[in-house]
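Engineer: Take a look at the following structure, please.
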Amino acid sequence: MQGELNVKNPLTDTHLSSLDNYLIIIYTRFAGATNTQGSRIVATSTYFGKTSKVSHNYLHEYGGTENHLTAAFKFLRKNLGEADGHNFELVGQSDNPTGSGMAFVFKRVGV
C-alpha cells in the first residue's frame with residue numbers, strides 16, 4: 001500500500017512494508033571471554049537475506065551502550081561497504097526483545 005510506514009516486527013524481523021530496504025534492524029549481544037577469545041559484542045541481522053554477524057572486541061574504555069553501538073556500525077560497514085555504510089543514521093535503539101542485548105534501527109539518510 002502506498003504511504004505505509006517502513007517497519008519490521010522486532011521479534012521476527014519480518015518485513016511489513018515494500019520500503020524495508022531503507023530501514024535496517026541490528027541486534028547486538030555480549031559474548032563473554034573464552035579460552036581463545038576475549039569479551040566481545042556480536043551484531044546480527046537478517047536484513048541481507050541470511051543471518052550475518054560481526055564481532056567487536058569489547059573495549060573497556062567504552063561503556064556498554066557505546067560498545068554495542070560500535071558493533072552495530074561495524075556491522076553496517078562490513079555488509080554495505082565503507083561508502084554506503086555511512087549513508088545510514090541511527091533512528092532508534094532499545095533493549096533486545098530477547099532480553100540479551102540491544103537492538104538498533106538505522107535509516108538510509110535522505111529517505
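The values are calculated or read from the model by the stated rules, or taken from the named source; none is laboratory data. Treat the numbers as computed from the prediction; the structure is a model and nothing was measured. Here the Cβ positions follow ideal geometry from the backbone for every residue, glycine too, while neighbour counts run over all protein chains shown.
Engineer: Hey, among the residues in the stretch 3-58 that are at pLDDT below 70 and in a strand (DSSP E or B), which one's nearest to Val109 (Cα to Cα)? Steps first, answer last, please.
Structural biologist: First pass over the stretch 3-58, keeping only residues at pLDDT below 70: 3-21.
Within this subset, residues satisfying the condition of being in a strand (DSSP E or B) are 8-9, 14-15.
Details: Lys8: 18, Asn9: 21, Thr14: 22, His15: 20 Å.
Among residues in the stretch 3-58 that are at pLDDT below 70 and in a strand (DSSP E or B), the one nearest to Val109 (Cα to Cα) is Lys8.
Engineer: Hey, does the stretch 94-103 have a residue that's closer than 13 Å to Ile25 by Cα, out of contact with any Ser or Thr (no Cβ under 6 Å at 6 or more places or on another chain) and part of a helix (DSSP H, G or I)?
Structural biologist: No, the stretch 94-103 has no match at all.
Engineer: Quick one: in the stretch 35-51, which of the residues that are under 12 Å from the mean Cα position of the chain (by Cα) and within 18 Å of Ser100 (Cβ to Cβ) is surrounded by the fewest Cβ atoms within 10 Å (Cβ to Cβ)?
Structural biologist: Initially, the stretch 35-51 is screened for residues under 12 Å from the mean Cα position of the chain (by Cα), giving 41-48, 51.
Keeping just the survivors that are within 18 Å of Ser100 (Cβ to Cβ) gives 41-46, 51.
Working: Ile41: 27, Val42: 17, Ala43: 28, Thr44: 19, Ser45: 24, Thr46: 15, Thr51: 10.
Filtering first and then ranking leaves Thr51.
Engineer: Please list, ordered by first then second residue, the pairs with beta carbon atoms under 7 Å, 6 or more apart or interchain, first in the stretch 21-34 and over 10 Å from Met102 (Cα atoms), second among the β-branched types (Val, Ile, Thr) and loosely packed, with under 12 Cβ neighbours inside 10 Å.
Structural biologist: From the stretch 21-34, the pairs are Tyr22/Val111.
Engineer: Here's another thing I want to ask about it. Quick one: in the stretch 68-93, of everything that is farther than 19 Å from Ile41 by Cβ and outside any helix (DSSP H, G or I), which residue is modelled with the highest pLDDT?
Structural biologist: Taking the candidates together, the pick is Val91.
Engineer: Moving to a separate point now. In this structure, does Tyr62 turn out to be in contact with an Asp or Glu (Cβ under 8 Å, 6 or more places away or on another chain), assigned to a loop (DSSP other than H, G, I, E, B) and free of Cβ contacts under 8 Å to residues at least 40 places away in the same chain? Outline the logic, then answer.
Structural biologist: On the way: in contact with an Asp or Glu (Cβ under 8 Å, 6 or more places away or on another chain): no; assigned to a loop (DSSP other than H, G, I, E, B): yes; free of Cβ contacts under 8 Å to residues at least 40 places away in the same chain: yes.
In short, no.
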